[in-house]
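The values are calculated or read from the model by the stated rules, or taken from the named source; none is laboratory data. What you are looking at is a predicted structure, and each value in this text was computed from that prediction instead of being measured. Cβ: placed from backbone, ideal geometry, glycine included. Neighbour counts: every protein chain shown.
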C-alpha cells in the first residue's frame, strides 16, 4: 500500500514540476522570438520568468529527492542508464540559472547576447531531454538484474524517444507562449498569442503521434484496457488540449493557460498510470524490471517520509501560491 501511495506521489510531483517548470522553460525558449528589443527581453525575464522560475525548480528537486528516497533502486538504475543525458540536462539548467540571474548585472551587448543564448539553450535542452528520458522509461530500457545499463547513448535516441522529446519540446513552448500571453503586456503579449496559435496544431499533432506510437512501442495502454475507467485520463488530456484552442479563439487567455496546465497534467499521468507497477521496465526481460515493490525503500522509511510529506508539502504549496498571487497582481 505504501509503495502505491509513494508511486502516486512520485507521479504527482513530476506532473507539478512539468506544469510549473514547463511554462518557464517554454518562455525561455520563445523569448528570442517574442522579445525583440532589450527592453522587451527585460520585461519577459523580470516580470514573466524571473519571479517564478526558481520556485518552480523546487518541484524538480523534490521529485528527484522522492525518487532517491522512496525508490533508491530505480534512482540508481536511472542514473546508470541516463547518466549522459541527465548530466547534459543538469549543466543546461545551471547555465540557464546563471544566465537569468547575471544578465542584468553587467552592461554590454555581447554579455547580454551571451546570457540570452544561455537562457535559450538552457530551456531548449531540458525540454527536449526530459521528453527523451521519460519516453525511454515508458518504453523500457536495457537494464540487467543488477540494474546495470546495457546500451549506449544512441540506444536512447530511438524513434519513440525522439518523438517524446519533440512532443515535450513543443508542448512546453506552447505552455510558455500561453503564460507570456497571460503575464506579458503590449506587443510581447500579442506575439505570444500569435505563437500559441501557431504552435497549437503542431503540439496536437505530436500528441496524437505520441499516443499512437505508445500503443506499439510500449505497454502503457495495457493498464487502460485492463481497467477501462482509467481511459478517462487520456480522454481528459484530449479535452484539455482542444479546450485550449477553444479559449484561444475566444481570447480568453487565462482559461487557455489553465487548459494548458491540465494538458500537461493529464499527459504526464497517462504515462505514470500506464507504467504502474513498474518504475523502470527492462527490455531484457520482465524479471529485470525495477518495480515499486523491488525498488522501494523499507516500510518504516516510507511511513516516516509520508508523515513528513503530509506536513511540509502543503506548506510549500501555500507559500508558492502566495508568491504567485503576489507577482500575478504586479505588472510585468
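What to note about this one:
- If you go through the stretch 285-306 and keep only what is part of a helix (DSSP H, G or I), under 16 Å from residue 141 (Cβ atoms) and either touching a strand residue (DSSP E or B) at 6+ places or on another chain (Cβ under 6 Å) or at pLDDT 90 or above (or both), you end up with just 288.
- Residue match in the stretch 245-254 (condition: without any contact (Cβ under 8 Å) to a residue 12 or more places away in the chain and in contact with a helix residue (DSSP H, G or I) (Cβ under 6 Å, 6 or more places away or on another chain)): no
- If you go through the stretch 95-114 and keep only what is surrounded by fewer than 18 Cβ atoms within 10 Å (Cβ to Cβ), within 18 Å of residue 24 (Cα to Cα) and free of Cβ contacts under 8 Å to residues at least 24 places away in the same chain, you end up with 98, 101, 102.
- Residue list for the stretch 158-186, restricted to those being more than 19 Å from the chain's Cα centre (by Cα) and under 16 Å from residue 84 (Cβ atoms): 158
- Restricting the stretch 70-79 to residues that are surrounded by 16 or more Cβ atoms within 10 Å (Cβ to Cβ) and in contact (Cβ under 8 Å) with a residue 40 or more places away in the chain leaves a set whose member that is nearest to the chain's Cα centre (by Cα) is 78.
- Selection status of residue 271, part of a helix (DSSP H, G or I) and under 30 Å from residue 208 (Cα atoms): yes
- Filter result for residue 29 (at pLDDT 90 or above and surrounded by 21 or more Cβ atoms within 10 Å (Cβ to Cβ)): yes
- Members of the stretch 285-307 found to be free of Cβ contacts under 8 Å to residues at least 12 places away in the same chain and either closer than 13 Å to residue 5 by Cβ or surrounded by 10 or more Cβ atoms within 10 Å (Cβ to Cβ) (or both), listed by number: 285, 286, 304, 307
- Boolean, residue 225 is at pLDDT below 95 and in contact with a helix residue (DSSP H, G or I) (Cβ under 7 Å, 6 or more places away or on another chain): no
- Filter result for residue 52 (under 21 Å from the mean Cα position of the chain (by Cα) and surrounded by fewer than 19 Cβ atoms within 10 Å (Cβ to Cβ)): no
- Residue match in the stretch 251-273 (condition: surrounded by fewer than 17 Cβ atoms within 10 Å (Cβ to Cβ), at pLDDT 90 or above and under 25 Å from residue 82 (Cβ atoms)): no
- The criterion of being touching a residue at least 12 places away in the same chain (Cβ under 8 Å), more than 29 Å from residue 33 (Cβ to Cβ) and either touching a strand residue (DSSP E or B) at 6+ places or on another chain (Cβ under 6 Å) or surrounded by 17 or more Cβ atoms within 10 Å (Cβ to Cβ) (or both) holds for residue 282.
- Some residue of the stretch 112-134 being under 29 Å from residue 299 (Cα atoms) and modelled with pLDDT under 95: yes
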